[in-house]
Amino acid sequence: MAYAIEGRLLEACSCGAPCPCWIGDNPDGGSCDAFLAYHYDRGHINDIDVSGLTLALVARIPGNVLKGNWKVAAFVDKNASPKQKEAILAVHTGKLGGPLADLSELVGEVVGVYDAPIQFNFTEGKGTIRVGDVLAADMQPYTDAQGRPTTLVDTVFSTIPGSPAYVGKATSHRVNLPQHKMSWEFTGRNAVLGQFKFEA
């Protein structure tokens, strides 16, 4: 087995909530400014333990999410060893196959790969992420009348295929990456929180 990883995802973008990309519609405003962050609670990639590490991807999506051509800057947890970093990048660039390879095919250009301190907190459906001085966001899920998180399942697009996604809202979402023309700030826009389990 090339990899077996499980953990939690935080995602936020410029679209209103819920995100139209997940059902295959065009993004609000015609394009999407977003980030995705995968935190590995446990797992191995090519027999390398990546438990406790996080990968964050800042992305500009020029149109319909399924048409690809995403422009992405990657931030690997600075606590990762060189072998762990290599393994994380291998799985998310599709080199090891499986569900993450399908997602990687949507990326048209990787504009940079960086090491960064990443703070990832996710408790009872609420999430907070900090990636150095580049990214900061806080989010919480929508809930039903009993307080249970609202979920999306069986959608045409997912960053956590096979798992339910918790629809939420980012109370704040800021990216500061001017060298790649990726700088924005939003309040009250789409956020997705969820758990994943990938094997290949």
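For this structure, a couple of remarks:
- Each residue in segment 178-200 was checked for being surrounded by 17 or more Cβ atoms within 10 Å (Cβ to Cβ) and closer than 26 Å to residue 45 by Cβ, and 5 of them qualify.
- Count of segment 126-138 residues which are at pLDDT 90 or above, surrounded by 15 or more Cβ atoms within 10 Å (Cβ to Cβ) and at negative phi: 9
- Within segment 19-35, the set of residues being modelled with pLDDT under 95 and in contact with a Leu (Cβ under 7 Å, 6 or more places away or on another chain) comprises 22, 24.
- Scanning segment 12-55 for residues that are small (Gly, Ala, Ser) and under 22 Å from residue 176 (Cβ atoms) yields 12, 14, 29, 31, 34, 37.
- Filter result (under 15 Å from the mean Cα position of the chain (by Cα) and either over 17 Å from residue 22 (Cα atoms) or crowded, with 19+ Cβ neighbours inside 10 Å (or both)) within segment 141-162: 158, 159, 160
- Residue 88 surrounded by 23 or more Cβ atoms within 10 Å (Cβ to Cβ), within 14 Å of the chain's Cα centre (by Cα) and either farther than 30 Å from residue 185 by Cα or modelled with pLDDT of 95 or more (or both): yes
- Strands (runs of 3 or more DSSP E) lying entirely in segment 97-200 (those with 2 or more residues that are in contact (Cβ under 8 Å) with a residue 24 or more places away in the chain and within 24 Å of residue 5 (Cα to Cα)): 107-116, 118-123, 126-131, 135-141, 165-177, 189-199
- Selection within segment 21-47 - outside any strand (DSSP E or B) and within 16 Å of the chain's Cα centre (by Cα): 21, 22
- Output for segment 48-85, where each listed residue is surrounded by 15 or more Cβ atoms within 10 Å (Cβ to Cβ), assigned to a helix (DSSP H, G or I) and without any contact (Cβ under 8 Å) to a residue 40 or more places away in the chain: 84, 85
- Screening the candidates 26, 69, 46 for the property of being closer than 18 Å to residue 101 by Cα and in contact with a Pro (Cβ under 7 Å, 6 or more places away or on another chain) yields one hit, 69.
The values are calculated or read from the model by the stated rules, or taken from the named source; none is laboratory data. Just so we're clear, the structure is a prediction, and the values are computed from it rather than from any experiment. Note that each Cβ is placed from the backbone with ideal geometry, even for glycine, and that neighbours are counted across all protein chains shown.
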